[in-house]
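Okay, structure first, notes after.
The values are calculated or read from the model by the stated rules, or taken from the named source; none is laboratory data. Predicted, not measured: the structure shown is a model, and the values here were computed from it. We place every Cβ from the backbone using ideal geometry, glycine too, and count neighbours over all the protein chains shown. When the accessible area is computed, the model is the full protein with side chains, heavy atoms only, and any ligands, DNA or RNA have been set aside. Shrake-Rupley method; radii C 1.70, N 1.55, O 1.52, S 1.80 Å.
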Amino acid sequence: MDPPLPNQATSGMHSEFEQEIVILTGAEVVRRRTGMYFDVHDRDVAATLALQALCHAIDDAIDGRCTQIFLKIDGAEIDVRYDSGMPLEPDAQHPNWTVAQIFLTIHAACHSRKHHLEVGSEFCRIGIAVLNAVCSELTAEIRDGGKQLRLRFEQGESQEEAPISATQEADETRLHFVLDPSILPDNRPGEDALRRALHDLHSRFPGLKIEMEYASASD
């Protein structure tokens, strides 16, 4: 029997190889390999993840654009509000997306797009895109420079994106999210860890008003 022609053998190998290729979104990569991004066994990991939502606020606080941050923890539900807007101008590298969308979906984008890169290295070592990926749900309502945008995600994947519209209201960012219990069975941020981190943050930025309302699941 004659051996198969080289192109026939190669074609078969390519076909089998192509069938094994699985293309993952950025969020899927994070969810499948969470240990590459943070220590899931760290007892304070839920608090650490929740604090990733503040990195843009801290960056703006250095320049005086953000003056107050408010957190509300109600069991596993986390709300963050601060008085500056994630940027809604088109991203330089991805002009079809706003900078805010890039922050929330591309790993390390919020780190590299800071006005002050030291904020990225110190306050968003994990990053808000990783936070989004490990949330069962995340909603962002953003007002920035006379524009507003609402985004909704599930497990880091976009579910709803209202068109950008005009607004006369003051700049603000509101985030509501729940860490996914399938990734973090204890998905409630610890109060002590949060208060320690916020106290340290206020010590670094004494002009920044920081408030937190904390209610455990049993309250």
Sort out which residues of the stretch 118-167 are of a type in the set (A, V, I, L, M), at pLDDT below 95, in a loop (DSSP other than H, G, I, E, B) and within 18 Å of Gln52 (Cα to Cα), and write them in order of number.
Ile126
Go through the stretch 81-108 and give me each residue that's surrounded by fewer than 22 Cβ atoms within 10 Å (Cβ to Cβ) and either of a type in the set (A, V, I, L, M, F, W, C) or assigned to a helix (DSSP H, G or I) (or both).
Leu88, Ala92, Trp97, Val99, Ile102, Ile106, Ala108
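Here is a list: Pro181, Pro185, Pro163, Pro189. Which entry is under 20 Å from Thr34 (Cβ atoms) and open to solvent by 100 Å² or more (accessible area, probe 1.4 Å)?
From the options Pro181, Pro185, Pro163, Pro189, the qualifying one is Pro185.
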Six or more apart or on different chains, Cβ atoms under 6 Å: show the pairs whose first residue is in the stretch 37-49 and closer than 18 Å to Glu191 by Cα and whose second is open to solvent by less than 70 Å² (accessible area, probe 1.4 Å) and of a type in the set (Phe, Trp, Tyr).
Val45/Phe38
How many residues of the stretch 123-140 are surrounded by 24 or more Cβ atoms within 10 Å (Cβ to Cβ), of a type in the set (Val, Ile, Thr) and closer than 24 Å to Phe205 by Cα? The answer is 1
